[in-house]
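First the structure, in the form of structure tokens, and then the observations on it.
The values are calculated or read from the model by the stated rules, or taken from the named source; none is laboratory data. This one's a predicted model, so the numbers in the text were calculated from it and none came from an experiment. Quick reminder, even Gly has a Cβ in these numbers, built from the backbone with ideal geometry, and neighbours come from all protein chains shown.
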Amino acid sequence: MPELPEVETVRRGLAPVMEGATIERLELRRPDLRFPFPAGLTQAADGRRILALSRRAKYLLIELEGGAALLAHLGMSGSFRIEEEGEGGETPGVFHMARSKDARHDHVVFHLEREGRHARVVYNDPRRFGFMDLIAAGGREENAYLRDLGPEPTGNWLDAAYLATRFAGKAQPLKTALLDQKVIAGLGNIYVCEALWRTGLAPEQAAGTLVDGKGRPRPQLLALVDNVRAVIAEAIEAGGSSLRDHIRTDGSLGYFQHAFSVYDREGEPCRRPACVGVVARSVQAGRSTFHCPVCQLPQKAPHRLAGKVVGKRNLKIAR
Ligand SMILES: [Zn+2]
């Protein structure tokens with residue numbers, strides 16, 4: 001599943017070709033992906049100029065002249081390929097998933113024109129877990145995918161004071177609280193594991209323990225916010241640089257793995273200097289959590305949260 005940095009890298013790769021271009025024709029080669037294509041999709045897109053390609057959480061937003069927007073989610077195996085006149089295909093932002101060149105899986109084709117030059121942007125998705133939606137002009141606030149999303153982990157809106165209001169009194173584990181898209185939009189499993197490791201916080205520790213009795217963020221929450229923003233920013237930066245490499249070498253990438261400190265490193269030594277811990281894997285809410293049991297110890301003392309004592313059960317690390 002691509003996470004926010006991957007989607008942002010895809011956006012940056014597609015923007016130079018799509019922004020300012022006119023969609024001569026939106027070609028749908030089947031009636032559905034994960035869900036049926038919305039009614040009126042091609043009519044809304046055909047002949048329209050693309051004003052901008054933006055992103056909200058893990059959704060790409062193709063902003064059309066006139067105010068409508070096309071929302072795209074890559075699902076498990078979706079990728080975009082650019083085919084320009086006289087040039088071979090290029091896939092922006094391919095990460096953990098193998099990219100498919102099999103034309104049977106080319107499901108959506110944007111036929112584009114800009115200043116007399118033609119290009120095709122092809123959406124390929126072997127497993128068809130991706131989906132697209134049409135947002136009418138003025139319909140952004142009510143859109144089912146967008147309306148409940150919290151702040152982006154990339155902008156200034158996300159700060160410790162905000163997270164303190166969301167975490168105060170919560171016995172919910174930090175890992176689960178950070179994955180809640182209503183709290184932070186677009187933050188996924190990999191980067192939550194990484195940010196908690198950097199901060200030295202146990203994934204099972206109650207979210208409310210990072211807020212003091214007056215509702216203010218404790219120092220660890222300040223550090224956690226800095227680390228969330230840093231891991232996302234670094235991953236986006238890595239995606240951008242690897243994208244350039246990719247154009248030259250055509251290798252399969254998977255380069256983010258090399259940068260992980262805990263994610264997918266079960267049984268390997270902790271990368272924190274002087275730590276003797278070995279990375280452990282546990283399962284929280286159906287998702288694999290990776291952490292170091294030595295330097296990410298849960299706070300031992302029970303904390304009073306909104307008048308009730310949080311006992312050992314909530315603070316224990318699941319193994
Ligand atoms: Zn460690």
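When each of Ala171, Ala206, Ala202 is tested for being surrounded by fewer than 23 Cβ atoms within 10 Å (Cβ to Cβ) and of a type in the set (Gly, Ala, Ser), the lone residue that passes is Ala171.
Applying a threshold of 6 Å to beta carbon distances and a minimum spacing of six or more residues, or different chains, the list of pairs starting in the range 1-24 at a residue that is over 25 Å from Arg127 (Cβ atoms) and ending at one that is assigned to a loop (DSSP other than H, G, I, E, B) reads Ile23/Arg48.
Quick one: which residue in Ala45, Ala52, Ala15 is out of contact with any Lys or Arg (no Cβ under 8 Å at 6 or more places or on another chain) and at pLDDT below 95? Outline the logic, then answer.
Details: Ala45 fails: at pLDDT below 95; Ala52 fails: at pLDDT below 95.
The conditions single out Ala15.
The number of residues in the range 12-40 being surrounded by 20 or more Cβ atoms within 10 Å (Cβ to Cβ) and under 17 Å from Leu53 (Cβ atoms) comes to 7.
Filtered by the rule that a residue be exposed (fewer than 15 other Cβ atoms within 10 Å of the Cβ) and under 15 Å from the mean Cα position of the chain (by Cα), the range 130-155 gives a lone residue, Gly155. Annotation: of all residues in the range 188-231 being among the charged types (D, E, K, R) and touching a residue at least 24 places away in the same chain (Cβ under 8 Å), the one that is nearest to Cys295 (Cα to Cα) is Arg198. As a summary of the residue check, Thr154 satisfies the conditions (1) among the β-branched types (Val, Ile, Thr); (2) in a loop (DSSP other than H, G, I, E, B); (3) under 19 Å from Ser282 (Cα atoms) except for the one numbered (3). Of all the residues in the range 130-170, those that are among the β-branched types (Val, Ile, Thr) and touching a residue at least 60 places away in the same chain (Cβ under 8 Å) number 2.
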